[in-house]
Amino acid sequence: MSPPPDITDEGTAGPTGLSLEAKLRRAQRQRSLNAFLLVAPLLLFILVVFAGPILSLLYFSVDDPKLAEVMPRTAEIVAEWDGAELPGEEAYATVVEEIRAAYGDRTVAAAAMRLNYEISGFRSMVMRTGRKIRRIAGPPYKEALIGLDERWGDITYWRAIKASAGPYTTRYLLAAVDLERKWDGSIGTAPPERTIYIDYLERTFWISFWVLAWCIAIGYPMAYLIATTGRRLSRILLALVLLPFWTSLLVRTAAWVVLLQNKGVVNDFLLYAGLSDEPLTLIFNRTGVYVAMVHILLPFLVLPLYAVMRNIPASQMRAAASLGAKPVAAFLSVYLPQTLPGLGAGCILVFILSLGFYITPALIGGASDQMLSYLIAEFATRTGNWGMASAIAILLLLSVAALYPVYRGLVRGAAGFRFG
Amino acid sequence: MALPVNATRGQHVWYWCLRLICAVGFLFLIGPIVIVVPISFSAGSFLSYPLPGFSMRWYDAVVEPFPWMFALENSLIVAVSTTIVATALGTLAAYGLTRADFPGKPFVFGLLISPLAVPLVITALGLYFFFARVGLVQTHIGLIIAHVVLAVPFVVITVSATLKGFDWNLVRAAESLGARPLAAFFQVTLPLILPGVLAGAVFAFVTSLDEVIVALFVSGPAQITLPRQLFTGLRDQLDPSIVAIATILIAFSLALLAVVELLQWRSARQRSRREE
């Protein structure tokens, strides 16, 4: 409604001499500002409490201050050392001095813990050195320290100290994809006992994939039935989908734990009906995880699909049939393309939600059914390895983020299909 | 969806296959929930059928102060606080987002609802590190803040959706009659969008009441919530009192489902009336 720029309304120009257009613009600016001020409190809250902490995971995945905090001079010396052969007397003297001090004020454990990430057994080695450090009276420190524990003469331990010197490290991010940086700076595969993370990533994707496949196989016909059946039955069926949807995830997981036990309802039924001679193991394995996850995620596929299918007139399929299309052809070329936006939305919801599943696999799965979320929780709350927890969280976040363009493409592809 | 009279044999097969898959699907969805309910009234301590007899003994265990009533109290404190804060902040933001355009609005909207898109365990990790540094780990306040983050997108989405059909002329009319913006909001806008706000509040409440992953990360023994206690119980010792608490929660979700359906029906009716 703004007037053409060359016309100014003299009559309504205020005492400030502003044109109507300028006043309108100012009023609109004011309105924008007011609107923004209403959003500002929540925006600030989300930035501080959500966006900030998520971004800080990037920082924590490379942050490596532990050794440098406890043994600053050692960290400095090994950082300059080239790592080719054993360091000199100065390095040994510094280590003795700093372990002595750190053991005295009980800060040595944090540094020892950090060193243990590099070589397992390093923690106890440092602690034992700390206990016996009193025996070292004076130089030469190199021989004295090797005398305490001959591993101090092994260059791999010194290289481990160099790798822990901080203040930043790529070890957690590399470890999350089963890689490690060798002492000479090259990047290679991590030793076999640490190459477990890609397995977890693959497993997370495979479980999510199969859960999604089952959800589509069962959910698509269900949504179709709800959308096309009579009004009354449709309402009842919809309620049957909505009730589990509203029921607590934990309650549903609990129900499956009860049902799937070795002496649970499902096994009792199978034995009673003669379908099986002995109780099947349905819990603490992959079967249980699939069953419970499909149950929990199925409504997320059915509901968006139903929302789309509801708006597809039944007459279209009849029209296709009257024009000679066989049922399968009519379904593939008329019905399916129109459901793709809903199917895409449902699929991406189910897939992304299942990538982040933690509770259900933790309660119903066995040790080999745990997903990336489990690793994150373990590292964060049990072992206190913030770096590793952050690195795996970033891996999971990137996996989820990579799916959003796929989703967009799917929805757009569906639209193009319809009009093309 | 009835079969045409001239349906071929193949169509008949398909028709009944479809029905069969759907029957299995609906049974699968609702079965577990229906099956566990009677077990909670069992006189025995086995979690299977046939039930040895009827008793309320497991409900007696539920009303004991520890652990369930303590957990329920914590859950209610956290969920009610979360609902109040999330509904206030979310409604305010949704109002601002629909009232006028400002630079970067789509981005801001995306940011506000982004907690929905990030896997819970990642949010939990970020919050845990953040709270550890500012001293909010193992506090009620910390848990409430965390739940507001998770609940607020639902309020923003529901209230925004309700405001899309809102007739802003009503506010202009109120203001032209001398109402101050605040009075116009409380006397004109809010009563009209109340179904949407309440639906958002119910979503927020349920989100908090059902949340366990963040609670596992940031809360301590003094903030044990119902889902957390359920998680511990399921992992450590499984007894029918868990099924009893599950039954209570199922009844609660039924009630909430009814409330939300009612609210959505009312708000849809209002919208269609306006369009007439």
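Only the coordinates and a few stated rules stand behind these numbers; no lab work does. This is a predicted model, so every value here is computed, not measured. Note that we place each Cβ from the backbone using ideal geometry, even for glycine, and neighbour counts take in every protein chain shown.
About the centre of its Cα atoms, the protein assembly as shown shows a dipole size close to 2040 debye [charges on the beta carbon of Lys, Arg (+1) and Asp, Glu (-1) only; nearest 20 debye]. Take the alpha carbon gyration tensor of region A:197-419, find the square roots of its eigenvalues, order them as a ≥ b ≥ c, and report rounded if a/c is under 1.5; if not, report prolate when a/b exceeds b/c, else oblate. Here region A:197-419 falls in the oblate category.
For chain B, the relative contact order comes to 28 percent (Cα pairs under 8 Å, sequence separation of at least 6).
Only lysines eight or more places from A:Lys142 in sequence, or on another chain, were considered; those with a Cα closer than 23 Å are A:Lys132, A:Lys162.
With contacts taken as Cα pairs under 8 Å at a separation of at least 6 residues, region A:66-167 carries a relative contact order of 41 percent.
Mean sequence separation of contacting Cα pairs (under 8 Å, at least six apart), scaled by the length of chain A, corresponds to a relative contact order of 16 percent. Taking the longest Cα principal axis of chain A as reference, the axis of helix A:122-132 is set at about 30 degrees.
When the dipole is taken about the Cα centre of region B:65-275, and only Lys, Arg (+1) and Asp, Glu (-1) are charged at their Cβ, what size is it in debye, to the nearest 20? Please report the intermediate quantities before stating the final value.
Details: 13 positive and 10 negative charges, 135 e Å.
Dipole about the Cα centre, nearest 20: 640 debye.
Give me the distance between the Cα centres of region A:64-116 and region B:150-204, rounded to whole Å. Spelled out, the Cα-based centre of one part sits 61 Å from the other.
In terms of the Cα gyration tensor, with a ≥ b ≥ c the square roots of its eigenvalues, is chain A rounded because a/c is under 1.5, prolate because a/b exceeds b/c, or oblate? Present the calculation step by step, with values, prior to reporting the outcome.
Values: a/c = 2.91, a/b = 1.45, b/c = 2.01.
In terms of gyration-tensor shape, oblate.
About its Cα centre, what dipole magnitude does region A:204-313 give when the only charges are +1 on Lys and Arg Cβ and -1 on Asp and Glu Cβ, stated in debye to the nearest 20? Walk me through the numbers before you get to the answer.
Numbers: 7 positive and 3 negative charges, 111 e Å.
I would put it at about 540 debye.
Screening chain B for whole DSSP H helices with an alpha carbon extent of at least 18 angstrom along the helix axis and a mean Kyte-Doolittle hydropathy of at least 1.6 yields B:120-134, B:140-164, B:190-210.
A straight Cα-to-Cα reach below 20 Å connects B:Lys164 with the lysines B:Lys105, residues fewer than 8 places away in its own chain not being considered.
Among A:Leu243, B:Leu3, the order by Cβ neighbours within 10 angstrom, fewest to most, reads B:Leu3, A:Leu243. For a straight C-alpha distance cut-off of 18 angstrom, the aspartates and glutamates reachable from A:Lys182 (same-chain residues fewer than eight places away being disregarded) are A:Asp64, A:Glu80, A:Asp82, A:Glu85, A:Glu118, A:Asp154, A:Glu193.
Listing A:Met293, B:Met69, A:Met388 from fewest to most neighbouring C-beta atoms within 10 Å gives B:Met69, A:Met388, A:Met293. Rounded, prolate or oblate: which fits chain B when a ≥ b ≥ c are the square roots of the eigenvalues of the alpha-carbon gyration tensor, with rounded for a/c under 1.5 and prolate only if a/b beats b/c? Since a/c reaches 1.5 but b/c is at least a/b, the shape of chain B is classed as oblate. Between B:Phe130, B:Phe46, B:Phe186, the residue with the greatest mean-square fluctuation in the GNM of chain B (Cα pairs under 10 Å linked by springs) is B:Phe186. Take each residue of peptide B:87-100, count the partner chain Cβ atoms within 10 Å of its Cβ, and average: the result is 5.
Determine the calculated [θ] at 222 nm for chain A from helices alone, applying -39500 (n - 2.57) to every DSSP H run no shorter than 4 residues and normalising by the residue count; nearest 500 deg cm²/dmol.
Dividing the helical sum by the residues of chain A leaves -21500 deg cm²/dmol.
Mean per-residue shielding of peptide B:47-60 is 2, counting Cβ atoms of other chains within 10 Å of each Cβ.
Under the definition of partner shielding as Cβ atoms of other protein chains within 10 Å of a residue Cβ, what is the mean value for peptide A:373-380? Show your work: numbers first, answer last.
Values: counts 7, 1, 1, 7, 7, 0, 1, 8.
If you average over the peptide's residues, the count of other-chain Cβ atoms is 4.
Relative to the dominant Cα principal axis of chain A, helix A:249-260 is inclined by about 80°. Computed from Cα positions, the angle between helix A:231-246 and the longest principal axis of chain A comes to roughly 10 degrees. Highest GNM mean-square fluctuation among A:Ala112, A:Ala255, A:Ala190, for chain A modelled with Cα contacts below 10 Å: A:Ala255. Inter-part distance, region A:118-138 to region A:224-258, computed on C-alpha centroids, equals 61 Å. Largest GNM mean-square fluctuation across A:Phe209, A:Phe45, A:Phe331, computed for chain A with C-alpha springs under 10 Å, falls on A:Phe45. Taking a point 7 Å out from the Cα of A:Arg382 in the direction of its Cβ, the residues of region A:92-133 whose backbone N falls within less than 18 Å of it are A:117.
Here the 3J(HN,Hα) profile of region A:325-330, calculated from phi with Karplus coefficients 6.51, -1.76 and 1.60 at θ = phi - 60°, is 6, 5, x, 5, 4, 4 Hz, Gly and Pro shown as x. Based on DSSP H segments of at least four residues, each scored -39500 (n - 2.57), chain B has a per-residue ellipticity at 222 nm of -24500 deg cm²/dmol. Other residues with beta-carbon under 11 Å from the beta-carbon of A:Trp81 carry, at +1 per Lys or Arg and -1 per Asp or Glu, a net charge of -3.
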